[in-house]
Amino acid sequence: TEPALLRNFCIIAHIDHGKSTLADRMLQLTGVVDQRQMRAQYLDRMDIERERGITIKSQAVRLPWSPSEGEEGSGTTHILNMIDTPGHVDFTYEVSRSLAACEGCILLVDAAQGIEAQTLANLYLAMEHDLAIIPVLNKIDLPAAQPEKFAAELANLVGCDPEDVLRVSAKTGIGVPELLNKVVREVPPPVGVKDSPARAMIFDSVYDAYRGVVTYVKVVDGTLNKRERIRMMSTGAAHELLEIGTNSPEMKAADGLSVGEVGYLITGVKDVRQSKVGDTITQLTKGAEEPLGGYKDPKPMVFSGLYPLDGSDYPELREALDKLQLNDAALVYEPETSAALGFGFRVGFLGLLHLEVIRERLEREFGLELIATAPNVVYQVDMEDGTEYTVTNPSEFPVGKIDTVHEPVVRATILAPSEFIGAIMELCQNRRGTLLGMDYLSEDRVEIRYTLPLAEVVFDFFDQLKSKTRGYASLDYEPTGEQTSDLVKVDILLHGDKVDAFSAITHKDKAYAYGVRLVAKLRELIPRQNFEVPIQAAIGSRVIARETVRAIRKDVLAKCYGGDISRKRKLLEKQKEGKKRMKMVGSVEVPQEAFIAVLSSD
Ligand code: GDP
Ligand code: MG
C-alpha cells in the first residue's frame with residue numbers, strides 16, 4: 001500500500017474507559033470480523049487479560065476504510081493500522097515503542113468519569129512522540145454521562161475547541177464511522193525513505209507454541225520481503241524471514257511489507273529475547289548502518305523471592321519460569337536459597353502488576369503453590385573502600401562501611417477531586433515524596449505530581465491512595481532515575497538466628513516502626529516451643545525491638561492417662577503430620593502459615 005493511504009494509530013485510554021470495546025466496533029464496522037465471529041474484547045487474547053479487563057500485550061490490526069461520502073479521501077480504500085498499546089504503568093517502555101510506531105492517537109475518555117491519571121501519563125508520552133491527537137468522549141449513551149463538562153476538560157487539556165471533541169458510544173457504535181473518517185483526515189500518513197535498506201522497528205514480540213516467536217513491526221524505511229535474510233541490529237543475530245504479513249485480525253501472509261506498513265514476521269526463533277521490543281531489523285547484506293533510535297533493554301524494577309510451598313515442586317517451578325520467559329523478555333530469575341524457605345528463585349519484574357500476573361499464571365496455569373517474599377526494589381550500594389554492590393535481595397545488603405545507597409525513584413501523577421488534596425499530600429509526604437507541581441484540570445479536579453521512591457510505591461501505596469480518596473484518585477508513574485537516601489537493613493532474629501526472608505531495607509526513620517510491627521506480628525504467629533524464644537529486630541548488631549514467646553511444656557500424651565494405647569499412637573501420628581508443615585529456623589519450629597501471613601502485606 002502507498003504510504004499516502006496508510007494511517008497508523010493507537011487508542012490511549014484509562015482502564016475501563018472503553019478501548020477494547022471501541023476496537024471491537026472498529027473491527028466490525030470495517031468488516032474484518034463479521035457479526036457471527038464477534039465476541040467481546042476480540043483482541044484481548046490472554047485469559048488473564050480478559051478476566052481482569054486489562055490489556056497486557058499489544059497487537060496490531062489492519063482495517064480497510066473508505067471514508068464516507070463528502071469526507072476527505074471518500075471512495076478510496078485507506079489502510080488503518082490500529083496498534084493496541086498496553087495500558088498499565090509497568091509497561092511504559094512497551095507503550096512508548098507502540099506509540100513510536102504510530103503517527104496519531106485517539107485519546108479516549110469516559111464521558112461519565114473524565115480524565116484519569118493513566119490518560120494523562122499516556123498523553124504525555126504521545127506528545128513526546130509528536131503524535132496527532134484526536135480527543136474523543138466515549139459512553140455518551142450512559143445516563144450519567146456529562147459530555148459538556150468533560151468535553152471542556154479534554155479540550156482544555158489538548159488545546160482545541162470543545163466542539164472538536166468527538167462524542168461516541170463504543171457500545172452502540174454511535175459516532176464511530178465519524179471517528180474513522182477523522183483518523184483518515186487528521187492522522188498524517190507515515191513518512192519514510194522508500195528506496196533504501198530496510199529499517200523496521202519491533203514494537204511487540206509474542207511467543208506462540210505452534211509458530212515460535214511472532215514479531216510485530218513497523219517498516220520505517222525500505223521494504224522487507226519474505227525469504228530474505230535479516231539482521232537484528234542490537235545483537236547482530238541473523239535470521240531468515242520465514243513468513244511476513246499483516247493481521248486482519250488473524251495472520252495473513254504477504255510477499256513483503258514496505259515503507260510505513262505495519263505487520264508481523266516469523267523467523268523461527270523460540271524465545272522473545274531474540275526478537276526484542278525496540279530493536280531495529282534490517283537486511284543481512286547491504287542493510288542499514290544506523291538503527292532507529294529508542295532501543296532499551298528491559299530493566300526489572302521490582303524483585304521478589306518465589307518459593308514452592310512444597311519443596312519438591314522446585315523443578316516444576318523452574319520449568320514454569322523457563323516457559324513464561326519465552327514470552328516475556330522482561331522476566332528474569334536466578335536460583336536462590338533461603339535458610340527459612342529452602343530452594344527458590346529471585347525473580348525480577350517490571351513492576352507490581354507484572355509480578356502479580358506472573359504469580360497468578362504460575363499458580364493457575366502451572367498448578368504451583370508459592371510463597372513470595374515481600375517485593376523490593378534494586379539498590380546500588382557504594383562502600384567507603386570503593387566497592388559497589390547491586391542488591392536485589394535485602395538479606396544480601398552489605399555490612400561494613402557504607403558510603404552511599406541509591407534507590408530508584410518515580411514520577412507519579414495523581415488525579416483526584418480537589419477535596420482530597422490534603423489527604424493525598426499527607427500520604428505522599430509520609431512516603432518520602434517531593435512535590436513537583438499541581439494543576440487544576442477543572443475547578444474540582446486536580447492533578448498532583450510527586451517524585452517518590454519506588455520502594456514506597458510498591459508497598460501498598462495504591463491501596464492507601466484509594467482508601468484515602470474513597471476510590472476516586474487514579475495513579476500513574478514512570479521511573480525517572482535514582483536518588484541517594486539514608487537506608488538501613490532491618491534483620492529479624494528468632495532465638496538469635498537471622499530469618500533471611502524477613503530482612504528488609506527501609507529508611508532510617510522508618511526502621512523502628514517496621515521492626516516493632518514485624519516482631520509483634522511474629523509473636524502472635526509463632527507457637528510456644530519447649531523453650532523461650534526471643535524475637536528481635538536489629539540493625540546490624542543493635543537490637544531495636546524485642547518480643548518473647550514463652551516456653552510451654554507440651555506433652556500431648558498427658559491427656560491419655562496412660563490407658564488407651566491406640567489412641568496414644570494416633571495422637572503421636574497427628575503430631576508428626578503437624579510437624580511437616582513446620583519449617584525449622586535454627587532451633588525454632590515456625591509454621592508455614594506464619595511466613596505467608598508475615599510476607600503478604602496488609
Ligand atoms: P478498556 O479497559 O479501556 O479496554 O475498556 P473496555 O472496552 O473493556 O470497557 C470497559 C467497560 O465499559 C465494559 O463493561 C464495556 O462494556 C463498557 N463500555 C465500553 N464502551 C461503552 C459505551 O460506549 N457505553 C457503555 N454504556 N458502556 C461501554
Ligand atoms: Mg481493554
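Which one of K149, K139 is in contact (Cβ under 8 Å) with a residue 60 or more places away in the chain, within 10 Å of ligand 1 (Cβ to nearest atom) and open to solvent by 40 Å² or more (accessible area, probe 1.4 Å)? Please lay out each step first, then the result.
Details: K149 fails: within 10 Å of ligand 1 (Cβ to nearest atom).
The match here is K139.
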Residue hits (the range 471-509; over 29 Å from the mean Cα position of the chain (by Cα) and open to solvent by less than 40 Å² (accessible area, probe 1.4 Å)) are D491, I492, L493, L494, V499
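Condition first: over 14 Å from K489 (Cβ atoms) and either open to solvent by 50 Å² or more (accessible area, probe 1.4 Å) or touching a helix residue (DSSP H, G or I) at 6+ places or on another chain (Cβ under 7 Å) (or both). Now tell me which residues in the range 510-526 satisfy that. I'd like the intermediate steps shown before the answer.
Looking only at the range 510-526, we keep the residues that are over 14 Å from K489 (Cβ atoms), and these are 513, 516-517, 519-526.
The answer is A513, V516, R517, K521, L522, R523, E524, L525, I526.
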Consider V168 carefully, then state whether it is crowded, with 24+ Cβ neighbours inside 10 Å and either within 24 Å of the chain's Cα centre (by Cα) or more than 15 Å from ligand 1 (Cβ to nearest atom) (or both).
no
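Residues that are closer than 28 Å to A200 by Cβ, more than 16 Å from ligand 2 (Cβ to nearest atom), of a type in the set (D, E, K, R) and at pLDDT 90 or above: does the range 124-139 have at least one? Quick ask: steps written out before the conclusion?
Of the range 124-139, the ones closer than 28 Å to A200 by Cβ are 124-134.
Checking the rest, the ones that are also more than 16 Å from ligand 2 (Cβ to nearest atom) come to 124-134.
The next check asks that each one be of a type in the set (D, E, K, R); those that pass are 128, 130.
Filter once more, keeping what is at pLDDT 90 or above: 130.
Scanning the range 124-139 turns up at least one residue that is closer than 28 Å to A200 by Cβ, more than 16 Å from ligand 2 (Cβ to nearest atom), of a type in the set (D, E, K, R) and at pLDDT 90 or above.
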The correct count of residues that are more than 22 Å from P143 (Cα to Cα) and surrounded by fewer than 24 Cβ atoms within 10 Å (Cβ to Cβ) in the range 105-118 is 2
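Of the residues D204, D221, D161, only one is within 16 Å of ligand 2 (Cβ to nearest atom) and not aliphatic (A, V, I, L, M); which? Can you show your working first?
Numbers: D221 fails: within 16 Å of ligand 2 (Cβ to nearest atom); D161 fails: within 16 Å of ligand 2 (Cβ to nearest atom).
D204 is the lone residue from the list that is within 16 Å of ligand 2 (Cβ to nearest atom) and not aliphatic (A, V, I, L, M).
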Of the listed residues (Y210, Y216, Y264), the one being surrounded by fewer than 20 Cβ atoms within 10 Å (Cβ to Cβ) and of a type in the set (S, T, Y) is Y210
Given the conditions (1) under 19 Å from K139 (Cα atoms); (2) open to solvent by less than 10 Å² (accessible area, probe 1.4 Å), every one holds for G173 apart from (2)
In the range 408-426, residues that are open to solvent by less than 10 Å² (accessible area, probe 1.4 Å) and more than 21 Å from V458 (Cβ to Cβ) total 0
Subset of the range 171-195, residues of a type in the set (D, E, K, R) and within 16 Å of ligand 1 (Cβ to nearest atom), comes to K171, E178
When the range 234-266 is checked residue by residue, the ones that are in a loop (DSSP other than H, G, I, E, B) and modelled with pLDDT of 95 or more are L241, L242, A254, D255, V259, G260, E261
When I133 is run through (1) in a strand (DSSP E or B); (2) open to solvent by less than 20 Å² (accessible area, probe 1.4 Å); (3) closer than 19 Å to A100 by Cβ, the failure sits at (2)
The condition of being open to solvent by 30 Å² or more (accessible area, probe 1.4 Å) and of a type in the set (G, A, S) holds, among S275, S312, only for S312
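Each row is one residue, and each column tells you yes or no for (1) part of a loop (DSSP other than H, G, I, E, B); (2) surrounded by 14 or more Cβ atoms within 10 Å (Cβ to Cβ); (3) touching a Lys or Arg at 6+ places or on another chain (Cβ under 8 Å).
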site: E336; (1), (2), (3): no, yes, yes
site: G348; (1), (2), (3): no, yes, no
site: L355; (1), (2), (3): no, yes, no
site: L362; (1), (2), (3): no, yes, no
site: L368; (1), (2), (3): yes, yes, no
site: I371; (1), (2), (3): no, yes, no
site: Q380; (1), (2), (3): no, yes, no
site: D385; (1), (2), (3): yes, no, yes
site: G400; (1), (2), (3): yes, no, no
Within the range 1-32, of all residues that are part of a helix (DSSP H, G or I) and small (G, A, S), the one farthest from ligand 1 (Cβ to nearest atom) is A4
Looking at the range 448-458, is at least one residue surrounded by fewer than 20 Cβ atoms within 10 Å (Cβ to Cβ), at pLDDT 90 or above and over 22 Å from Y514 (Cα atoms)? yes
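Scan the strands (runs of 3 or more DSSP E) fully inside the range 514-602 and keep the ones with 2 or more residues being among the aliphatic types (A, V, I, L, M) and at pLDDT 80 or above.
Details: elements: 533-539, 542-549, 582-585, 588-591.
Because the criterion is at least 2 residues that are among the aliphatic types (A, V, I, L, M) and at pLDDT 80 or above, the strands (runs of 3 or more DSSP E) in the range 514-602 that meet it are 533-539, 542-549, 588-591.
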Within the range 136-170, the residues that are under 18 Å from D24 (Cβ atoms), outside any loop (DSSP other than H, G, I, E, B) and touching an Asp or Glu at 6+ places or on another chain (Cβ under 7 Å) are N138, L166
Of the listed residues (V272, V262, V277), the one being of a type in the set (V, I, T), touching a residue at least 24 places away in the same chain (Cβ under 8 Å), farther than 23 Å from T1 by Cα and touching a Lys or Arg at 6+ places or on another chain (Cβ under 8 Å) is V277
*Some residue of the range 33-55 being more than 14 Å from ligand 1 (Cβ to nearest atom), open to solvent by less than 50 Å² (accessible area, probe 1.4 Å), within 20 Å of E250 (Cβ to Cβ) and modelled with pLDDT of 85 or more*: no
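The values are calculated or read from the model by the stated rules, or taken from the named source; none is laboratory data. Values in this document were obtained by computation on a predicted structure and should not be read as measured data. A quick note on method: Cβ atoms are made from the backbone with ideal geometry, for glycine too, and the neighbour counts reach across all protein chains shown. For the accessible areas, the whole protein counts, side chains as well, though only heavy atoms, and no ligand, DNA or RNA atoms are used. Shrake-Rupley method; radii C 1.70, N 1.55, O 1.52, S 1.80 Å.
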